[in-house]
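Shown next, in structure tokens, is the structure this report addresses.
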Amino acid sequence: GEESKMIRAINRLIKWVGIIIIPMGLALFAQAYFLNHRSFAESISSMEAAIIGMIPEGLYLLTTVALALAAMRLARNQVMLHDMKSVETLARVNVLCVDKTGTITEPKMAVEKVVPAKNYPGNDLEDRLAAYVSNMPVDNITAEALNQKFGQDQPLVNAKRIIPFTSVNKYSGAVFAGYTLLLGAPEMILRSQLKACQEEFARYPEEGYRVLAFAKYPAELADEKERLTQEVEVLGYVLLSNPIRKEAKETFAYFAKQGVEIKVISGDNPVTVSRVAGQAGIAGAEKYIDAQTIKPGEYEQAMAEYNVFGRVEPEQKKEFVQALQKIGKTVAMTGDGVNDILAMKEADCSIAMASGNSAAVQASQVVLLDSNFAKMPQVVNEGRQVVNNIERSAGLFLVKNIFSLLMAVFSLILTINYPIKPAQITLISSFTIGLPSFLLALEKNHSRIRGNFTVNILTKSIPGGITDWLAVSILVLTNKFTNIGDNEVATASTALLVLVGLMVLFWISRPLNKYKLGVLTLSVVCIILSIIFIPGFFKLSPLSGRAVFTVVVLFFAGMTLFRIMSRICDGIKEVSNVLTEKGKDAKLRDLLAAYGKDRDEF
């Protein structure tokens with residue numbers, strides 16, 4: 001499948017590193033061997049140190065481990081992922097399209113009461129409903145509710161044939177001798193009679209009931225494709241209710257707090273859906289529209305303006321998702337039926353209830369195994385933890401890569417040898433990048449994801465990379481005058497990189513807590529132990545007083561420079577984030593303005 005933004009950014013980074021290191025490595029070897037007349041082994045060693053420094057080794061592994069751990073935690077909580085990227089995509093989602101039934105409400109219905117039509121004189125309404133219901137298959141939650149109330153073991157009268165419910169017609173029927181009994185959406189059955197009958201049932205949707213019209217059609221319908229052409233005799237109205245899920249309010253309050261818009265898409269009456277959405281605490285539930293009134297080309301405006309859509313046909317769901325994506329939204333779509341599959345495929349992330357249709361479950365990226373929508377905040381938080389922590393860790397990895405690249409270019413320009421040995425790069429990588437980044441990736445971090453992944457990691461890593469390069473470059477240049485020797489320069493450079501690495505780690509870990517403080521302490525302890533017990537392994541040699549003094553001066557100068565650059569980069573990142581968000585908002589404003597809406601309303 002298509003890769004997520006984060007993986008795409010990491011792949012792009014690796015690709016460029018791969019392109020740069022080959023010519024850079026060859027140039028460094030040629031310079032050391034042919035121009036500086038170093039031995040073959042020394043030339044290979046300096047080339048190897050530069051190349052190792054430029055490769056963000058461990059970043060892929062870290063990303064995979066973080067995603068796998070998130071998937072395992074979710075699996076323990078009855079959430080199954082069909083692909084890894086869905087965790088990240090869900091974390092970036094800012095619009096969630098949900099159905100009323102099964103998401104806001106329990107996936108069950110109950111018949112509350114039956115209201116006879118004003119002009120229907122008979123008192124056999126319930127018997128007629130029993131005759132109709134007993135002939136119909138129990139294949140959905142509405143049929144289940146009707147069967148519970150009116151079902152008989154044996155039909156009173158056997159129907160000639162059944163007209164199955166379709167999402168286009170929005171009614172079903174039982175054909176008897178000379179007539180057909182119909183049950184479904186009032187506007188689809190009553191058609192031209194709707195206006196005259198409206199007042200009989202208009203108040204029930206506002207009370208949160210789903211209203212079904214029950215009518216007698218004066219002809220035998222051949223199949224579901226045959227259109228209704230004659231007037232019907234209205235027998236009555238069946239009022240159904242859906243209990244709202246206990247945890248719905250809490251779940252929707254979480255999304256509102258996180259800045260995620262909820263769009264309720266349902267086949268039911270928009271007034272009913274709006275009322276139910278309001279009871280569940282969905283923001284803007286009063287902004288509802290009948291989807292049948294939306295003309296082609298008006299979808300983007302409708303999606304920007306309304307939050308509740310009633311009488312939605314299956315093919316419209318896909319249009320809704322596309323319209324939201326056109327106005328710059330990242331869309332998640334929940335679904336449980338075959339009708340939802342097209343829209344789910346189109347959405348950035350699709351979520352299915354395990355109790356739904358198996359095809360929808362297969363087509364989705366996230367499956368809620370216990371069909372409990374209240375698990376969604378947890379899925380979003382897992383995604384945020386992965387993206388935020390990988391972003392921070394990638395920032396640590398890139399510090400070393402930026403330094404190595406700049407140092408290699410500097411070495412080529414001044415025709416000097418790359419100053420650090422491969423073993424010393426390993427010490428720096430292990431304890432200022434590898435170990436802390438892995439431990440920090442396990443930390444809980446549910447902050448909202450903002451801005452562009454690449455911009456965010458570059459603004460985190462550029463100050464450290466440049467500080468490292470300037471400090472080591474100055475150290476190498478002062479060696480020309482102080483003449484402390486190549487081995488001491490390598491060890492002093494390693495000391496500088498370790499100190500700057502720890503400073504970057506401290507800066508990236510802000511605000512500090514006990515866990516982050518523990519990670520920092522562990523890194524420092526590991527470095528000290530390595531220097532004391534295995535200096536030979538990392539090719540470290542004793543430093544003279546002059547070298548120590550130079551390192552201390554350069555570190556404090558570097559610290560000031562790093563702080564200034566970090567503040568500038570943080571500012572750039574904030575501006576980039578604000579511009580990204582404003583760009584999306586402006587797109588919406590322009591769209592509404594084009595349709596003659598007041599911009600300030602937005």
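Consider Gln362 carefully, then state whether it is polar (S, T, N, Q) and surrounded by fewer than 19 Cβ atoms within 10 Å (Cβ to Cβ).
So Gln362 fits the description; yes.
Looking at Leu90, Leu125, Leu129, Leu81, can you tell me which residue is of a type in the set (A, V, I, L, M), crowded, with 23+ Cβ neighbours inside 10 Å and either within 30 Å of Leu181 (Cβ to Cβ) or touching a residue at least 40 places away in the same chain (Cβ under 8 Å) (or both)?
Leu90
Show the residue pairs meeting these rules: Cβ distance below 6 Å; 6+ apart or different chains; first residue within the range 508-520 and closer than 14 Å to Leu435 by Cα; second residue surrounded by 12 or more Cβ atoms within 10 Å (Cβ to Cβ) and among the polar types (S, T, N, Q).
Lys516/Ser509
Within the range 84-106, restricting attention to residues that are under 28 Å from Leu435 (Cα atoms) and of a type in the set (D, E, K, R), which residue is modelled with the lowest pLDDT?
Looking at residues that are under 28 Å from Leu435 (Cα atoms) and of a type in the set (D, E, K, R), I get Lys85.
Have a look at Phe481, Phe537 and point out the one that is assigned to a loop (DSSP other than H, G, I, E, B) and either within 26 Å of Ser45 (Cβ to Cβ) or not assigned by TED's automatic domain parsing to the domain that holds Ser430 (or both).
Result: Phe537 is the single residue among Phe481, Phe537 that is assigned to a loop (DSSP other than H, G, I, E, B) and either within 26 Å of Ser45 (Cβ to Cβ) or not assigned by TED's automatic domain parsing to the domain that holds Ser430 (or both).
Find all pairs meeting these conditions: Cβ atoms under 7 angstrom apart; at least six residues apart or on different chains; first residue within the range 448-476 and assigned by TED's automatic domain parsing to the domain that holds Leu505 and more than 17 Å from Arg384 (Cβ to Cβ); second residue among the hydroxyl-bearing types (Ser, Thr, Tyr) and modelled with pLDDT of 90 or more.
Sorted first by the residue in the range 448-476, then by its partner, the pairs are Pro463/Ser566; Val472/Ser493; Leu475/Ser493; Leu475/Thr550.
Quick one: which residue in Ile457, Ile449, Ile466 is at pLDDT below 95 and part of a helix (DSSP H, G or I)?
Result: Ile457 is the single residue among Ile457, Ile449, Ile466 that is at pLDDT below 95 and part of a helix (DSSP H, G or I).
So which residues in the range 242-271 are touching a Ser or Thr at 6+ places or on another chain (Cβ under 9 Å) and part of a strand (DSSP E or B), if there are any at all?
Once the filter is applied, which keeps residues that are touching a Ser or Thr at 6+ places or on another chain (Cβ under 9 Å) and part of a strand (DSSP E or B), the range 242-271 yields Ile244, Val264.
Residue check: is Phe431 aromatic (Phe, Trp, Tyr) and either surrounded by 19 or more Cβ atoms within 10 Å (Cβ to Cβ) or under 33 Å from the mean Cα position of the chain (by Cα) (or both)?
Criteria met by Phe431.
Val114 - would you say it is β-branched (Val, Ile, Thr), surrounded by fewer than 18 Cβ atoms within 10 Å (Cβ to Cβ) and under 26 Å from Glu199 (Cα atoms)?
Spelling it out, Val114 is indeed β-branched (Val, Ile, Thr), surrounded by fewer than 18 Cβ atoms within 10 Å (Cβ to Cβ) and under 26 Å from Glu199 (Cα atoms).
Answer with yes or no whether Tyr217 is within 17 Å of Ala177 (Cβ to Cβ), crowded, with 21+ Cβ neighbours inside 10 Å and touching a residue at least 40 places away in the same chain (Cβ under 8 Å).
Yes; evaluated as a whole, the condition is true for this residue.
Just wondering, is there one or more residues in the range 66-83 that are within 21 Å of Lys421 (Cβ to Cβ) and either in the same structural domain as Phe453 (by TED's automatic domain parsing) or at pLDDT 90 or above (or both)?
Scanning the range 66-83, I find no residue that is within 21 Å of Lys421 (Cβ to Cβ) and either in the same structural domain as Phe453 (by TED's automatic domain parsing) or at pLDDT 90 or above (or both), so the answer is no.
Pairs please, first residue from the range 306-324 and of a type in the set (S, T, N, Q), second anywhere and part of a loop (DSSP other than H, G, I, E, B), Cβ atoms under 9 Å, 6+ apart in sequence or on different chains.
Asn307/Ile282; Asn307/Ala283; Asn307/Gly284; Asn307/Ala285; Asn307/Glu286; Asn307/Lys287; Gln316/Ile294
Please state which of the following conditions Met376 fails to meet, knowing it meets all the rest: (1) at pLDDT 90 or above; (2) within 23 Å of Ile244 (Cα to Cα); (3) not β-branched (Val, Ile, Thr).
Single failed check for Met376: (1).
Do you know which residues across the range 457-468 are out of contact with any Ser or Thr (no Cβ under 7 Å at 6 or more places or on another chain) and either surrounded by 23 or more Cβ atoms within 10 Å (Cβ to Cβ) or of a type in the set (Ser, Thr, Tyr) (or both)?
Answer for the range 457-468, where residues must be out of contact with any Ser or Thr (no Cβ under 7 Å at 6 or more places or on another chain) and either surrounded by 23 or more Cβ atoms within 10 Å (Cβ to Cβ) or of a type in the set (Ser, Thr, Tyr) (or both): Ile457, Thr459, Lys460, Ser461, Gly464, Gly465, Thr467, Asp468.
Go through the range 341-417 and tell me which helices (runs of 4 or more DSSP H), entirely inside it, have 3 or more residues that are closer than 30 Å to Ser430 by Cβ.
Answer list for the range 341-417: 376-413.
Within the range 220-236, which residues are closer than 16 Å to Leu183 by Cβ and of a type in the set (Gly, Ala, Ser)?
Once the filter is applied, which keeps residues that are closer than 16 Å to Leu183 by Cβ and of a type in the set (Gly, Ala, Ser), the range 220-236 yields only Gly236.
Output the helices (runs of 4 or more DSSP H) that fall wholly within the range 163-219 and possess 3 or more residues being hydrophobic (A, V, I, L, M, F, W, C), or say none.
Filter on the range 163-219 gives 186-190, 194-201.
The values are calculated or read from the model by the stated rules, or taken from the named source; none is laboratory data. Being a predicted model, the structure only gives us computed values, none of them experimental. We place every Cβ from the backbone using ideal geometry, glycine too, and count neighbours over all the protein chains shown.
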